[in-house]
Amino acid sequence: MTVFLYLWPPDIGHRLLGGRRTANSNCDKDDEGGGGGGGSSSSGLECYSEPSPLEECAYHLMECDESTIASIADAVMASCQDTMQGHPGEPPRHVQAIVARGALRMLAHSNSLTRARAYKLLRLLPSSEILAPFREYIDICVSRSLAQYDECQIEREQALMFARWSINSPHGNMATGGTLRLIISIAEHPDDALRSVCLETLCEIAVIRPEEVIRARGLRTLVNAALDGPWAMSVSIVSVLIYILDLPSCRRLLYHGLDLDPIAGALMESSARLASVGERAKIAAFLITQFLKSWSGLQYFLSGNRRVVKTIIAALRLVEPNRKLILGILFEIFGLSGCLDSLRTSMVSLLSDFEDAFMSDFKPGPSALPRKVARSRLYPIEYFRTIVLMVFMDEGLV
C-alpha cells in the first residue's frame, strides 16, 4: 500500500530541522571590507546552530518511506524512540509533527515488524491530537493491522495498544469507524488471542463514548461476552451496561428485544444437557439480579411491553432446571436472602437499643401512638421492592 501524506519539498530538512537561527548572527550583513559583488555574506549553514539529537533523528526518519529496507527503517525508528524516551520534557511541536508524519508513513511499509515499531513510536507522542488530521488514514491502517493473521500477532497487539492509547484524547481518538468495528468483531470470536483485550477496550470506549458503541452494535457483543464468562469479565461488563442505561442520551438509542434481551433468553435454555448452558444460566441470573437492583435496569425491563419480565415468569414455569436460579433472583431482589437487609437489620437494632437506653424514662401522652407503631415505616429500598413486586404480580407471578 503506497500512501503519500505530503509532497516533501527538496529543502524541507534544512528548512525544518537544519537548526535554529543564532541570536547574534551577522548573516544579513555584508562582511567587513566587502563591497559590491566582491563582498560575501555568511553562508546559510553558518547562520544556524547544530540541530539537537532529537531533531537529527526526526530528520533521518523523514528521509525514510515505505520502500526503505526494513532493517534500516527499524534502526532509524529505534534510534528515534530511544532519543524521545531520554529527552527531558516534552519535545518541540515541530519535531512532534515530523516524527508523527514519518511514523505514519511507515504504517504503509510491507514488513509487519516495521509497522509494529511505527505504532510503538506513535505512542511516545505526548498527545494524539497532532494525529487528528490523519484520522481516516490511521483508521485504515489500524483496521488493516487488526485484520491480519496470527503470524502478525505483534503488529496486531501494537495496533490495539495504539488504539487504546488514543481513547482518552477528545480530538485524537482513533478507535472509531472501521477500527471500532474490527474491535467488536474480534471480541465476538472466543478463539482469538486478543479477545479479552478487545473486550476491555470495548468497555473503556463504552464508558467514554457510549453512543459510538451503541451505534456500532457493540452492546450485543458485550452481553454475549458477559454470558460466556468468566465471572470477573461478567461483573465488569454489567457495571458498564448499567452505567449506559443511566444515561438518558443512550437509552433512546437502545433497540428493545435486540440489545439486552438475550440475557433473559439464556434462562429459557435447559441446563440439563450441557454444563456450559447451565453456566450461562447462572451468569444470566446474576446479570438480571444486578439490573433489577437499579432504577435504570427496572426502567428498561418495564419498556418494550415488559418482554424481559414475561420471559422470566415463563422460564419459572416451563424450564425446571433453571427454577432454582429464578427463585434465587426473586429472593435476592425482595430481600429474602438477607443480603440486602443487613444494613436495615443493623439500623433497627440500633434504634431499639436507643429506645431502651434513653427513651424509657419518657412517658408519651394519651393521644400518642405506641413506639412500635411510630417506628414502623418504609425505607426507600422497600418502596423499590414494592414496585418490582407489583410488576411481577401483574405479569402472573402469583
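The values are calculated or read from the model by the stated rules, or taken from the named source; none is laboratory data. A quick note: this is a predicted structure, and the numbers were derived from the prediction, not measured. Here Cβ is always computed from backbone atoms with ideal geometry, including for glycine, and neighbour counts include all displayed protein chains. Calculation scope for accessible area: heavy atoms of the full protein, side chains included, ligands and nucleic acids excluded. Shrake-Rupley method; radii C 1.70, N 1.55, O 1.52, S 1.80 Å.
The lone criterion from (1) open to solvent by 70 Å² or more (accessible area, probe 1.4 Å); (2) in contact with a Gly (Cβ under 8 Å, 6 or more places away or on another chain); (3) among the β-branched types (Val, Ile, Thr) left unmet by Ile154 is number (2).
Among the listed residues Glu211, Glu157, which satisfies the condition of being modelled with pLDDT of 90 or more and in a helix (DSSP H, G or I)?
Glu157
For first residues located in the stretch 193-222 and touching a residue at least 12 places away in the same chain (Cβ under 8 Å) and open to solvent by less than 10 Å² (accessible area, probe 1.4 Å), partners that are small (Gly, Ala, Ser) and in a helix (DSSP H, G or I) and lie 6+ apart or on another chain with Cβ distances below 6 Å form the pairs Cys198/Ala187; Leu199/Ala187; Leu199/Ala225; Leu202/Ala187; Val213/Ala206; Thr221/Ala187.
Determine which member of the set Leu260, Leu254 is part of a loop (DSSP other than H, G, I, E, B), open to solvent by less than 30 Å² (accessible area, probe 1.4 Å), more than 25 Å from Asn322 (Cα to Cα) and not polar (S, T, N, Q).
Leu254
Any residue in the stretch 178-196 that is touching a His at 6+ places or on another chain (Cβ under 7 Å), of a type in the set (D, E, K, R) and within 28 Å of Leu125 (Cα to Cα)? Yes - at least one qualifying residue is present in the stretch 178-196. Count of the stretch 117-140 residues, restricted to those that are farther than 20 Å from Ala58 by Cβ and either β-branched (Val, Ile, Thr) or open to solvent by less than 10 Å² (accessible area, probe 1.4 Å) (or both), is 1.
Does the stretch 221-240 contain at least one residue that is within 30 Å of Pro133 (Cα to Cα), more than 12 Å from the chain's Cα centre (by Cα) and assigned to a helix (DSSP H, G or I)? Looking for residues that are within 30 Å of Pro133 (Cα to Cα), more than 12 Å from the chain's Cα centre (by Cα) and assigned to a helix (DSSP H, G or I), one finds none in the stretch 221-240, hence no. Of all residues in the stretch 87-105, those satisfying the criterion of being out of contact with any Leu (no Cβ under 9 Å at 6 or more places or on another chain) and assigned to a loop (DSSP other than H, G, I, E, B) are Pro88, Gly89, Glu90. Does Thr179 count as under 18 Å from Tyr243 (Cβ atoms) and either of a type in the set (S, T, N, Q) or surrounded by 22 or more Cβ atoms within 10 Å (Cβ to Cβ) (or both)? Here the answer is no, as Thr179 does not meet what is asked.
Of all residue pairs spaced 6 or more apart or on separate chains, those with beta-carbon atoms under 9 Å, a first member in the stretch 387-398 that is closer than 15 Å to Gln299 by Cβ and a second member that is open to solvent by 50 Å² or more (accessible area, probe 1.4 Å) are Val391/Leu302; Val391/Arg306. Scanning the stretch 94-114 for residues that are open to solvent by 30 Å² or more (accessible area, probe 1.4 Å) and within 28 Å of the chain's Cα centre (by Cα) gives Arg101, Leu113.
Can you spot a residue in the stretch 68-88 that is open to solvent by 80 Å² or more (accessible area, probe 1.4 Å) and modelled with pLDDT under 80? Checked the stretch 68-88: at least one residue is open to solvent by 80 Å² or more (accessible area, probe 1.4 Å) and modelled with pLDDT under 80.
For Arg123, indicate whether it is over 23 Å from the mean Cα position of the chain (by Cα) and closer than 22 Å to Ser169 by Cα. Answer is no for this residue.
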